[in-house]
Amino acid sequence: MKVGYCVPITPHMASYRLRVAIPAPLLGCEYEIGTFGSPSFFYKHFDGDLDLARSAGPFVYDVVNDHFAGKLANHYQTMCGWANRITVSSPYMAGVVKTYTGMDATVIDDPYENAEREPHCDGREVLWFGHAANIPSLFAAVDKIADMPIVLTICTNYKHGSALEWSPETERRSLDRCAVVLVTGNNPGASANRIVKALRAGRFVVTPGGVPAWDEYKDFIWIGDVRKGIEWAFNNREEACARTKMGQEYARRVSNPASIARQWMDVFGSILPPVMSGKRDGRVLT
């Protein structure tokens with residue numbers, strides 16, 4: 001088996017790192033990024049994918065976001081129809097795929113990608129980090145905390161004078177410096193990757209919720225009124241760290257990259273034709 005990832009190499013994209021770059025080396029088989037394989041892998045909606053998929057042979061289509069309505073609907077419907085297996089990163093997205101296509105999708109969570117650090121909750125800095133697409137979801141939270149005696153840091157790829165421009169290093173330094181991480185989002189099909197990243201960085205997470213996958217971590221984070229959550233963390237720093245520690249232990253089990261890679265291998269292996277064993281024309285087929 002040689003898995004071919006028919007995707008561009010884009011390490012600045014979380015989906016590339018979490019769905020391709022991290023699990024691929026752990027598959028236990030050959031792989032190549034940027035070309036066909038046996039089987040092949042596609043995701044998102046890159047130009048030319050429909051033409052490539054016609055001649056790709058067996059392939060997996062990973063539905064990263066819900067684009068089943070609007071101008072991209074035909075791409076997503078067609079790729080799902082042609083794919084031998086469909087994958088998603090959350091149960092919610094599996095439901096979306098089922099609603100629009102009638103097909104079942106396999107849920108494979110995102111692996112963690114950052115080192116685990118000892119929990120701490122020092123100072124009064126609150127960090128929000130994420131893609132610019134999630135910025136609108138931050139506005140409602142800011143209205144609730146604008147008058148709090150905190151320092152709010154925003155790290156994103158949205159260019160604005162009040163925000164730190166995202167890079168892996170800027171994100172890491174911001175996580176190291178803050179006391180609490182505020183997580184908001186407007187994509188109900190998202191995975192819990194930002195929750196996991198914050199927990200592994202040793203930071204207590206406060207979120208208004210709204211993304212079903214985040215509920216899996218409800219015992220370790222604050223879900224609800226963000227003002228009350230930040231106040232609770234600052235008034236109960238030791239307990240906030242204890243909850244973060246438990247969240248790290250949970251994430252270590254469910255988001256382990258090696259375990260995630262095995263789930264991918266199960267999917268890839270399921271769409272290849274069965275291997276024949278026996279002698280034919282003097283050759284041994286194994």
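Read-outs: derived from the displayed coordinates by stated rules, not from any lab. Keep in mind it's a predicted model, so treat the numbers as computed, not measured. All Cβ positions, glycine included, derive from the backbone under ideal geometry; neighbour counts span all protein chains shown.
For region 125-254, with only Lys/Arg (+1) and Asp/Glu (-1) charged at the beta-carbon, what is the dipole magnitude about the Cα centre, in debye rounded to 20?
The dipole of region 125-254 has a size of about 300 debye.
Give, in nm to one decimal, the length gained when the segment between Gln77 and Leu52 is fully stretched (0.36 nm per residue of separation minus the Cα-Cα distance).
Value of the extension gain: 7.4 nm.
If you take the charge dipole of region 125-254 about its Cα centre, with +1 on Lys and Arg Cβ and -1 on Asp and Glu Cβ, which of Val151, Pro208, Ala190 is farthest toward its positive end?
The Cα lying farthest towards the positive end belongs to Ala190.
Go ahead and estimate [θ] at 222 nm for the chain from helices alone: -39,500 (n - 2.57) per DSSP H run with n ≥ 4, summed, over the residue count, rounded to 500.
After summing the helix terms and dividing by residue count, I get -10500 deg cm²/dmol.
Are there DSSP H segments in the chain that both extend 18 Å or more along their axis (alpha-carbon positions) and score a mean Kyte-Doolittle hydropathy of at least -1.0? List them, or say none.
257-270
Among Met265, Leu199, Phe129, flag the residue with its Cα farthest along the positive direction of the charge dipole of the chain, charges on Cβ as +1 for Lys/Arg and -1 for Asp/Glu.
Met265
Roughly speaking, what is the centre-to-centre gap between region 113-141 and region 161-225 when only Cα atoms are used, to the nearest Å?
Comparing the Cα centres of region 113-141 and region 161-225, I get a distance of 5 Å.
Grab the other residues whose beta carbon is less than 13 angstrom from that of Thr78, score K and R as +1, D and E as -1, and report the net. Working shown, then result.
On the way: positive: Arg54; negative: Asp49, Asp51.
Once positives and negatives cancel, what remains is -1.
Given charges of +1 on the Cβ of Lys and Arg and -1 on the Cβ of Asp and Glu, with all other atoms neutral, how large is the dipole of the chain about its Cα centre, in debye to the nearest 20? Don't jump to the answer; show the numbers that get you there.
Numbers: 31 positive and 31 negative charges, 86 e Å.
Using Cβ point charges on Lys, Arg, Asp and Glu, the chain gives about 420 debye.
Counting only C-alpha contacts under 8 Å and six or more residues apart, can you give the relative contact order of the chain as a whole percent?
Reported relative contact order: 18 percent.
Among [x] 16.7; [y] 14.7; [z] 32.2, only one was calculated for this model; which label is it, if the read-out is mean projected area of the Cα convex hull in nm²?
It is the one labelled [x].
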